[in-house]
Amino acid sequence: MAIGFELKGESMSEIPLVQLLTPEGERVSHPDYDTSLGRDDIFAMWRDMTIIRRLCNEATSLQRQGQLALWAPLQGQEAAQIGAGRALAPNDFTFPSYREHGIAWCRGIPPENWLRMFRGVHHGGWDPQKYRHSVPTIVIGNQALNAVGYAMGVQRDGAEEATMVFFGDGATSEGDVNEAFVWAGSFDAPVVFFVQNNQWAISEPTIRQTKIPLYRRAEGFGFPGIRVDGNDVLAVYEVTRRALAHAREGGGPTLIEAFTYRMGAHTTSDDPTRYRIDAEVEAWKHRDPVERVKAYLVRQHQVPAASFDDVTEEANTLAAKLRDDVLSMPNPEPLSIFEHAYADVHPLIEEGKRDMVELGIAGGGH
Amino acid sequence: MAQMTMAKALNEGLRRAMENNPKVLLMGEDIGKLGGVFRVTDGLQKDFGEDRVIDSPLAESGIVGTAVGMAIRGYRPVCEIQFDGFVYPAFDQIVSQVAKLHSRSDGVYTMGLVIRLPYGGQIGAIEHHSESPEGYFAHTAGLRVVSPTTPNDAYWMIQQAISHDDPIIFCEPKCRYWEKGDVDLDHPPRGLFEANVAREGRDVTVVTYGPSVRTALRAADAAAAEGRSVEVIDARSIAPLDFGVMVTSVQKTGRLVVVAEAPANASVSAEIAARLAEDCFYSLSAPPLRVTGYHTPYPPSRIEEEYLPSVDRILDAIDRVIGFES
């Protein structure tokens with residue numbers, strides 16, 4: 001590691017961590033991992049990261065202007081999410097928490113759909129089967145068990161598909177995540193647990209959740225765990241790609257700890273200045289996941305400035321479209337609350353609909 | 001027509017559901033080789049294999065949470081929670097995911113899973129083995145809750161629940177597991193969410209469900225000896241409640257007693273009483289009364305009879321609604 005500063009009592013340089021691209025943008029080798037990604041692939045990942053960072057900034061602005069109820073920014077975690085998201089095969093299935101905008105981007109979900117939940121017009125926002133990306137899970141850790149169950153279904157189908165589930169360092173304290181580890185180990189479920197250790201669960205540092213590095217938890221549950229530089233998109237891609245292949249081939253689960261940092265607030269309702277120091281944030285700025293890729297592309301591949309400018313322009317256009325989409329997003333019809341509460345006819349649903357119409361809360365004709 | 005216990009009827013119903021649909025899976029603690037602590041799944045792992053009858057690790061949230069994922073994948077999991085008092089670790093998954101994912105996914109996900117829950121008292125057990133948690137689930141939108149009380153109902157209701165597309169909490173009154181009864185293997189008695197008039201009468205309507213149905217029928221026998229004609233309705237479905245049958249009965253008798261093991265406060269019995277008071281206001285000759293467990297933790301088993309709705313307490317309530325003078 002290029003930076004050896006102490007982080008909450010844990011010396012970064014002492015923890016084995018897979019890295020292929022240093023914070024300065026230099027390619028380094030790793031005995032177990034290498035990448036065959038070429039200039040175009042890496043540029044495409046830089047583009048992904050640049051766009052989601054820009055869209056995320058737009059969402060924060062929209063929240064500040066009262067257009068979103070809340071936003072959960074991902075700044076700092078772009079490499080963790082794009083690296084993981086681009087490693088997925090089309091048929092793999094993913095279970096997010098609520099900050100996986102980068103994964104949603106990789107799965108092809110239109111950005112305005114990610115914002116429906118935050119605007120308060122929907123609890124989901126997209127068709128999870130169409131995009132192979134489940135709906136958001138806000139109750140911390142629930143989705144880990146859901147993912148393992150899904151993977152057990154894949155196993156029973158004899159399908160060559162992997163399931164990947166995303167959660168944060170805080171979630172690793174939840175019973176559900178630990179039960180998911182037990183199940184996955186016991187049944188050799190084809191699942192990849194991807195924990196983004198962004199160092200903070202709202203105001204509580206990772207050291208409050210664990211006395212040992214998170215990736216080492218896996219050993220106790222009987223499957224491999226690995227820590228990757230979560231700000232290195234190449235390393236995240238390669239580590240994830242291999243874990244997914246391992247799952248598809250019947251090798252069982254893997255726990256990947258993407259060691260990263262939440263540069264912004266937990267959500268737009270949070271004030272991180274109350275619990276963390278500027279020096280820490282400053283130190284992590286030097287490890288920026290997007291800048292290091294650009295430095296590498298310039299130095300190693302002589303990518304011209306115009307290529308980067310084109311993407312910046314593209315990102316601005318997408319952000320403007322996102323703004324327009326949000327501003328024109330209609331409120332749901334009041335009667336829509338009854339639509340999918342149950343799959344089959346239910347008397348209290350029929351009664352509620354009648355009540356809403358009779359009282360004039362909603363128009364009839366539905 | 002075949003004679004069998006409710007436990008056996010459930011076993012046969014599960015077997016038939018598994019034969020009819022290869023997507024039906026069973027999961028739970030000790031349900032494989034042991035056949036479940038009540039033997040409801042006896043022999044099923046032997047016949048359907050370990051991939052379909054899954055002995056799960058000992059963690060209830062894990063059972064339900066993984067069943068959710070299997071349902072997303074297109075399976076029809078039937079979870080067994082070993083006892084009523086052990087369902088609470090799964091409560092989060094049940095109310096946060098099972099009940100809401102169909103809605104959150106705009107109907108894309110079918111949460112067609114069944115959570116079997118042996119419940120209720122009258123079995124002389126230690127703590128956490130005699131509880132009636134059905135009200136928690138009945139309160140939650142997105143869930144349905146049913147409870148069979150006869151072998152015939154058990155045989156059919158478990159199959160109807162498994163083939164239903166909504167998640168169902170299937171409450172099995174364990175004090176009735178070993179009672180034998182006739183099972184019609186060819187024709188279901190009625191729909192899953194329909195109440196049943198278990199005994200016809202003219203003077204008082206007793207609405208009940210699950211383990212209390214037997215007690216209510218005994219009370220009706222005793223009342224008949226005193227010349228009082230008591231109609232007993234087995235709700236069968238706890239959520240939604242089939243008020244049509246109940247309203248017809250109360251309009252006829254003008255008097256209502258609701259009986260349940262669960263304490264009355266903010267309960268299913270409260271909902272039945274409130275709704276029937278609303279719907280049958282002009283037919284009622286007396287305020288509806290409830291006979292339930294007391295508002296205490298479930299007692300040590302040596303005194304559970306004093307805690308539970310008994311024949312005497314039900315008869316007392318019947319006396320009071322008949323004797324009421326406005």
Would you mind telling me which numbered condition in (1) closer than 18 Å to B:Asp166 by Cβ; (2) outside any helix (DSSP H, G or I); (3) touching a residue at least 24 places away in the same chain (Cβ under 8 Å) B:Leu58 fails? (1)
Please state which one of A:Arg227, A:Arg262, A:Arg242, A:Arg274 is of a type in the set (Lys, Arg), closer than 23 Å to A:Ala89 by Cβ and assigned by TED's automatic domain parsing to the domain that holds A:Glu26. A:Arg242
Scan the stretch A:143-156 and give yes if some residue there is within 15 Å of the chain's Cα centre (by Cα), assigned to a helix (DSSP H, G or I) and of a type outside the set (Gly, Ala, Ser), otherwise no. yes
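Of the residues A:Leu322, A:Leu335, which single one is within 30 Å of A:Val357 (Cα to Cα) and either surrounded by 13 or more Cβ atoms within 10 Å (Cβ to Cβ) or within 14 Å of chain B (Cβ to nearest Cβ) (or both)? Outline the logic, then answer.
Numbers: A:Leu322 fails: within 30 Å of A:Val357 (Cα to Cα).
Criteria check complete, one pass: A:Leu335.
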For the stretch A:183-215, which residues satisfy the criterion of being surrounded by fewer than 21 Cβ atoms within 10 Å (Cβ to Cβ), among the aliphatic types (A, V, I, L, M) and over 12 Å from A:Ala171 (Cα atoms)? A:Ile207, A:Ile212
Checked A:Arg292, A:Arg287 against criteria (at pLDDT 95 or above, touching a strand residue (DSSP E or B) at 6+ places or on another chain (Cβ under 9 Å) and not in a helix (DSSP H, G or I)); the one match is A:Arg287
Out of B:Gly124, B:Gly107, B:Gly74, sole residue that is part of a loop (DSSP other than H, G, I, E, B) and under 19 Å from A:Asp157 (Cα atoms): B:Gly74
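Across the stretch A:321-355, which residue is nearest to the chain's Cα centre (by Cα) among those that are farther than 24 Å from B:Asp165 by Cβ and of a type in the set (A, V, I, L, M, F, W, C)? Explain how you work it out, then say what you get.
At the first step, the residues of the stretch A:321-355 found to be farther than 24 Å from B:Asp165 by Cβ are A:321-331, A:334, A:355.
Cutting the leftovers down to of a type in the set (A, V, I, L, M, F, W, C) gives us A:322, A:326-327, A:329.
Numbers: A:Leu322: 19, A:Val326: 21, A:Leu327: 25, A:Met329: 24 Å.
Of everything passing the filter in the stretch A:321-355, A:Leu322 is nearest to the chain's Cα centre (by Cα).
If I ask for residues that are at the interface with chain A (Cβ under 9 Å from one of its Cβ atoms) and either within 13 Å of B:Ala67 (Cα to Cα) or without any contact (Cβ under 8 Å) to a residue 12 or more places away in the chain (or both), which ones from the stretch B:84-98 would you list?
Scanning the stretch B:84-98 gives B:Gln93, B:Ser96, B:Gln97.
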Any residue in the stretch B:133-146 that is buried (at least 20 other Cβ atoms within 10 Å of the Cβ), within 14 Å of chain A (Cβ to nearest Cβ) and among the acidic types (Asp, Glu)? no
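Do any helices (runs of 4 or more DSSP H) lying entirely in the stretch A:56-133 carry at least 2 residues that are in contact with a Cys (Cβ under 9 Å, 6 or more places away or on another chain) and touching a residue at least 60 places away in the same chain (Cβ under 8 Å), and which ones are they?
Those helices (runs of 4 or more DSSP H) span A:78-87.
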B:Gly69 fails exactly one of the following numbered conditions: (1) in contact with an Asp or Glu (Cβ under 9 Å, 6 or more places away or on another chain); (2) assigned to a helix (DSSP H, G or I); (3) closer than 22 Å to A:Ala189 by Cβ; (4) at the interface with chain A (Cβ under 7 Å from one of its Cβ atoms). What is the number of that condition? (1)
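The values are calculated or read from the model by the stated rules, or taken from the named source; none is laboratory data. Note that the structure is a prediction, hence the values are computed from the model and not measured. Glycine gets a Cβ as well: all are built from the backbone with ideal geometry, and neighbour counts include every protein chain shown.
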